[in-house]
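Every number here is computed from the coordinates shown, using simple stated rules; none is lab data. What you see is a predicted model; the values in this text were computed from it and never measured. FYI the Cβ positions are ideal-geometry reconstructions off the backbone, even for glycines, and counts take in every protein chain you see.
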Amino acid sequence: MDYTRIDANIFDCTNCPTRCDGQSKLNYQFENDVEFAEIQEAVVRDEINLRNDYKAIKTTEAGYPDVAIYLNDKLHRYLEVKAQRRTFMIVEKLLPQAKLKPSETLALNLSDLERYFKIEEETGVPTSIVWVLMNRPCIVAAEQKKFYYQTTTELKKIYLEYQDKRRFRRKSGEGDVVDGVHKGVTVNYHFSLNELIEWKI
């Protein structure tokens, strides 16, 4: 697959002319986020299926990454797709030891991350995560999106290096509860765009 290393710009958010909203509205629309993520997952599957010898299908195993990729009819890799439309503007204040700036920061549900580590270890099937990035003017032009990728093997190295320094539990907010069940993600782990690879779709 055609992955190219990025040269992500790191901006001083205090001087940004199109500064993102730094105040959490405690409004996290879980169902809307899921719908948006499923659309991006379909985009990724379709892109992979355009390539010779590769076949991407939605996984059916509970708790497994979103997509199973086959190469010449043999299971080649699992792929999780995460859509990111919010910026963690106060990451430097809340996680000063994370060595992250808002413009470069991406998040992932901590329990998902740890589960993917375990799945790769138990199955021996390589696993990767793709973030779809939108609504971050310093990185992505308006109305556009970019795709960033990394293997869980590399992400685990970062996780072991920083451990709890990049872990954050947010407050629950409107939209987290669906039909009486709390489904919104409240504990996230954070990575830098400079630790990922841009996937040119």
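Here are the numbers for the structure shown:
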quantity	calculated
Built amide H within the under 5 Å cut-off of residue 51, gap 5+	none
Förster-model FRET efficiency, 41 Å R0, residue 16 and residue 50, C-beta, rounded to 0.05	0.70
Segment 41-94: chymotrypsin sites (Phe, Trp or Tyr not before Pro) in DSSP loop, at most 16 other beta carbons within 10 Å	none
If the convex hull is drawn through the Cα atoms of segment 115-161, its volume per residue in Å³	86 Å³
Dimensionless Rg/Rh of segment 24-155 - Kirkwood Rh, Rg from C-alpha atoms	0.98
Length released on extending from residue 154 to residue 92, taking residue separation times 0.36 nm less the Cα-Cα span	20.0 nm
Computed FRET value (nearest 0.05) for residue 118 with residue 38, which takes r as the C-beta separation and R₀ as 30 Å	0.80
P(r) histogram, all alpha-carbon pairs of segment 65-136 included - 10 Å bins from 0, percent	17, 38, 29, 13, 2
Length gained when the stretch residue 72-residue 141 is fully extended (0.36 nm per residue, less Cα-Cα span)	21.2 nm
